[in-house]
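Participant: Please find one structure pasted underneath; my questions will follow.
The values are calculated or read from the model by the stated rules, or taken from the named source; none is laboratory data. Just so we're clear, the structure is a prediction, and the values are computed from it rather than from any experiment. Methodologically, a virtual Cβ is constructed for each residue, glycine included, from the backbone with ideal geometry; neighbour enumeration extends over all protein chains shown. Just so you know, the surface numbers come from the protein's heavy atoms only, side chains and all, with ligands and any DNA or RNA stripped out. Shrake-Rupley method; radii C 1.70, N 1.55, O 1.52, S 1.80 Å.
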Amino acid sequence: MKFLKEVVQTMKDTTWETAKETRKDTTTVVVMSLALVAFFAIVDAAVQGLIALI
C-alpha cells in the first residue's frame with residue numbers, strides 16, 4: 001500500500017503541460033520530421049544521380 005500512496009502523491013506533485021504547450025511541441029516534432037524527410041529525399045536523389053553517372 002505504501003507504494004500506491006507514493007504513486008498517488010507523485011502524480012499530485014507532477015506538473016503537466018497545458019494543451020497549448022502540447023500542441024506547440026507536437027507541431028515542432030511534425031515540422032522537424034517533415035524537414036528531415038525532405039532533406040534525406042534530396043540527399044538520396046543526389047547520391048543516386050551521382051551513382052548513375054559512374
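Participant: Towards the positive end of the charge dipole of the chain, with charges on Cβ (+1 Lys, Arg; -1 Asp, Glu), say which of Gln48, Val37, Leu4 has the farthest Cα.
Facilitator: Value: Leu4.
Participant: Still on this structure, I have one more. By how many nm would the segment from Thr15 to Ala52 grow when fully extended, if each residue of separation counts as 0.36 nm and the alpha-carbon distance is taken off?
Facilitator: 7.8 nm
Participant: Whole number in Å², please: accessible area per residue of the chain, 1.4 Å probe, ligands, DNA and RNA not counted.
Facilitator: Ligands and nucleic acids excluded, the result is 98 Å² per residue.
Participant: Let me ask something additional. Which ³J(HN,Hα) values, rounded to whole Hz and listed in residue order, are derived for the stretch 39-46 from phi using the Karplus coefficients 6.51, -1.76 and 1.60 in 6.51 cos²θ - 1.76 cosθ + 1.60 with θ = phi - 60°, glycine and proline given as x?
Facilitator: 4, 5, 5, 5, 4, 4, 5, 5
Participant: At Ala38 and Val7, where each label point lies 7 Å from the Cα along Cα→Cβ, what is the point-to-point distance in nanometres?
Facilitator: Distance between the two pseudo-spin positions: 4.4 nm.
Participant: Okay, next question. If I model a spin label at Ala45 and Thr26 as a point 7 Å from the Cα along the Cα→Cβ vector, what separation in nanometres do I get?
Facilitator: With each label placed 7 Å out from Cα toward Cβ, I get 3.1 nm.
Participant: Could you tell me what % of all Cα pairs in the chain have separations over 15 Å?
Facilitator: Roughly 71 percent, once rounded to a whole number.
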